[in-house]
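Structure record follows, encoded as structure tokens.
Just so you know, all these numbers are worked out from the coordinates, no wet-lab data involved. Every value quoted in this text rests on a predicted model; they were computed, and no experiment measured them. Heads up, the Cβs are rebuilt from the backbone with ideal geometry, glycines too, and the neighbour counts pull from every protein chain shown.
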Amino acid sequence: MGILIDKNTRVLVQGITGREGSLQTGQMIDFGTNIVGGVTPGKGGSFVHERPVFDSVNEALKETDANASVIFVPPQFATDSIFEAIDNGIELIVCITEGIPIHDMMRVWPYLKTSSARLLGPNCPGITTPSASKIGIMPNQIHKPGNIGVVSRSGTLTYEIVDMLSKNDIGQSTSVGIGGDPVNGTSFVDILELFEDDPETHGVVMVGEIGGTAEEESIEFIKQMSKPVISYIVGVFAPPGKTMGHAGAIISMGVGTALEKIQAFEKAGISVAKSPSDIVQLVKNSL
Amino acid sequence: MKLYEYAAKEIFSKYDIPIPGSSLVSDADGAEESARKMGEVVIKAQVLTGGRGKAGGIARASSPEDAKSNAKRILGMSIKGFPVKKVLIEEYREPIKEMYLGITIDRKKKCPVIMASPQGGIDIEEIAKNSPENITMVHIHPLTGIHEYQARMLANSLDRDKARELIDIIKKLYRVFIDNDCQLVEINPLARTKDGIIALDGKMVIDDNALFRQDFSEEETGSLEEAARKNGMSYVGLDGEIGCIVNGAGLAMATLDMIKQYGGTPANFMDVRAGANAQQVKTALEIVSSNKNVKAIIINIFGGLTKCDEVAKGIIEIFPEIKIPLVVRLSGTNELEGRAMLGKYGIHMASSTEEAAKGVVGLGHSN
């Protein structure tokens with residue numbers, strides 16, 4: 001079963017005619033995702049991977065019954081696409097775009113809160129429920145159905161961990177990337193709550209990194225969870241004041257070091273893995 | 001992107017936030033000439049780092065000759081590794097009181113926060129640690145902007161007698177913050193003088209993601225960070241001996257942590273970003289190997305958008321020129337093609353981040 005998406009999720013691709021949008025649409029279709037169409041202003045009436053392209057989300061919804069969207073729009077236009085999806089009642093919006101100005105995301109956040117939409121990302125790899133649906137860009141071949149939920153701020157590190165879990169015969173209920181930006185739509189706690197309520201999920205792997213306090217904010221909730229949570233936090237070596245690739249991965253004003261986070265987790269009695277292979281071991285021990 | 005004090009103050013001035021009269025000079029004669037027009041001046045090193053005062057990068061001068069000799073001394077300095085190329089010559093203003101005013105982004109609340117303290121002239125981190133009760137913080141709703149009552153509250157916490165002037169400055173600084181896509185804007189100290197309230201220092205950090213719509217040009221420094229950025233990659237120099245090239249920020253941080261666990265020290269962080277092509281991989285190798293401390297290089301790729309055969313192509317193009325041992329890990333999209341291409345060159349291959357990290361530390365030690 002997993003969380004947020006299933007076989008019935010009907011996905012619209014915003015930015016479907018772009019290089020990445022069209023490539024990833026093909027990959028999602030191969031995975032089994034129900035892609036119902038796409039949107040690119042000015043390209044309405046054309047087709048990508050045999051899926052109809054519309055000029056707007058509004059027009060797409062007249063012809064399709066999409067309830068989720070994935071955004072592959074360049075950063076200067078991406079928040080406009082998010083607003084368009086919110087205004088048209090899309091329930092789940094997954095924003096892959098990296099490089100959106102933080103002031104734009106600050107304006108999206110309070111608007112999002114007045115709607116019932118959920119935004120995953122931006123700057124995230126998306127969400128995958130093996131054997132059901134994938135919205136985003138995670139490689140198709142790494143997943144294996146099972147009972148471990150994965151939630152992470154990273155992209156490729158998530159792939160490495162999911163791949164390693166699968167190769168060790170530990171399947172996943174759902175894998176979620178919440179994104180590497182400082183202002184994002186969905187937090188660790190939001191996803192942990194969903195995993196806690198999902199009968200298919202028996203344990204969770206949570207991958208954090210330097211910057212901000214999103215990891216620490218999840219500690220109180222993890223302590224109340226009935227399911228084991230294995231955490232892994234990267235960036236121990238990171239010098240202060242430098243952005244480590246992700247816009248959100250920066251130790252600023254002394255806040256957000258990996259060591260601080262690791263110590264806070266250990267103090268709360270939450271398992272912290274030392275390496276990807278250690279995650280596998282800790283997951284095996286916890287089940 | 002950080003702005004120099006003089007650049008931040010130019011922006012303040014456009015928004016009618018009072019600043020002292022000044023001129024920017026790059027030689028001691030210029031300093032002398034400016035001081036002759038201004039009278040008593042302060043000479044301030046223009047560098048993109050804090051702690052100038054403690055390092056001796058700020059001096060007061062009461063005569064043009066004094067200004068000249070101080071400017072000469074400061075222009076020869078290097079502060080925390082930043083050479084001083086320019087100094088700001090500024091009219092001296094006697095502060096009656098030094099305050100702090102800053103605006104940044106509260107990541108937890110996802111909105112701007114204005115911070116004010118009647119105690120200024122020292123780092124906000126220090127005020128927060130020693131006398132947090134002195135800091136007034138007001139969160140601003142991004143969709144409404146700052147309300148009059150919020151500005152009044154902040155102004156009253158700074159200096160009740162000068163509230164009207166301060167309300168005006170606070171509202172203008174909020175405009176500076178919004179219009180320029182700031183991550184941080186700071187006036188420290190914001191001084192009360194006999195002629196009114198004035199910004200004696202200025203600091204601005206602009207969101208790199210917003211530079212496409214802002215008119216700031218970055219000065220060329222010739223650094224490896226800059227070379228990487230121009231090629232769509234992200235590089236941070238560190239002081240170890242293992243060069244690192246990884247796709248994805250999280251995986252890159254994990255790789256560096258693993259190198260440390262196996263007893264090595266990373267020479268750099270490098271994220272080649274998703275979808276890197278052969279040319280970018282080649283450039284990445286050029287950048288990383290140009291650091292003379294590098295004894296071995298790890299290339300760690302988990303291909304999603306990035307294709308392993310493209311990565312292999314980039315490596316092969318430059319491999320013969322690089323005299324540094326390499327460990328390459330290729331997983332994900334087109335991994336078999338990529339590995340097969342590298343097979344004939346005798347490059348050390350690894351199948352996981354941990355194996356690659358262990359391997360590269362071993363090579364580093366034996367090289």
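Quick one: if you take sqrt(5λ) for each eigenvalue of the C-alpha gyration tensor of the range B:49-149, what semi-axes come out, biggest first, whole angstrom?
35, 16, 14
If every alpha-carbon in the protein assembly as shown counts as one equal scatterer, what log10 I(q)/I(0) does Debye give at q = 0.05 1/Å?
With one equal scatterer per Cα and no solvent, log10 I(q)/I(0) is -0.26.
Once the principal axes of the Cα atoms of the range A:10-120 are found, what is the range along each, listed largest first in whole angstroms?
Reported extents, whole Å, longest axis first: 36, 28, 26.
With only Lys, Arg, Asp and Glu charged, each at its Cβ (+1 for the first two, -1 for the last two), find how big the charge dipole of the range B:226-367 is about the Cα centre; round to the nearest 20 debye.
Magnitude of the dipole: close to 140 debye.
Give the residue list of trypsin sites (Lys or Arg not before Pro) in the range B:31-70 that are DSSP loop and have at most 12 other beta-carbon atoms within 10 angstrom.
B:54
Sort A:17, A:201 by Cβ crowding within 10 Å, fewest neighbours at the top.
Final ranking by Cβ density, sparse to dense: A:17, A:201.
Let me know the volume per residue of the alpha-carbon convex hull for the range A:186-287, in Å³.
101
Across the residues of A:106-118, average count of Cβ atoms on other protein chains within 10 Å?
Per residue, the number of nearby Cβ atoms from other chains is 3 on average.
Please compute, over every Cα-Cα pair in chain B, the percentage with a separation greater than 35 angstrom.
43
Can you check what the Kirkwood hydrodynamic radius comes to for the range B:143-268, Cα pairs only, in Å to one decimal?
The answer is 18.5 Å.
Find the relative contact order for chain B and round it to a whole percent, using C-alpha pairs within less than 8 Å whose residues are 6+ positions apart.
Relative contact order, chain B: 12 percent.
Taking only pairs that are 8 or more places apart or on different chains, how many Lys pairs in chain A have Cα atoms under 16 angstrom apart?
Here the count comes out as 11.
For the range B:224-366, rounded, prolate or oblate, judged on the Cα gyration tensor with a ≥ b ≥ c (square roots of eigenvalues), a/c < 1.5 rounded, else prolate if a/b > b/c?
Cα axes put the range B:224-366 in the rounded bin.
From the C-alpha coordinates alone, can you work out the Kirkwood hydrodynamic radius of the range B:97-213, in Å?
About 14.3 Å for the range B:97-213.
For the range B:180-225, which trypsin sites (Lys or Arg not before Pro) are in a loop by DSSP, counting at most 11 other Cβ atoms within 10 Å?
B:194
Based on the alpha carbon coordinates of chain A, what radius of gyration and maximum Cα-Cα distance (Dmax) apply, in Å?
Taking only Cα atoms of chain A, I get Rg and Dmax of 18.4, 58 Å.
Using just the helices of chain B, give the 222 nm mean residue ellipticity in deg cm²/dmol: DSSP H runs with n ≥ 4 each add -39,500 (n - 2.57), and the total is spread over all residues, rounded to 500.
-11000 deg cm²/dmol
Roughly how many Å is it from the Cα centre of the range B:169-187 to that of the range B:36-86, as a whole number?
26
Quickly estimate the mean residue ellipticity at 222 nm for chain A, helices only: each DSSP H run with n ≥ 4 gives -39500 (n - 2.57), and the total goes over all residues, rounded to 500.
About -10000 deg cm²/dmol.
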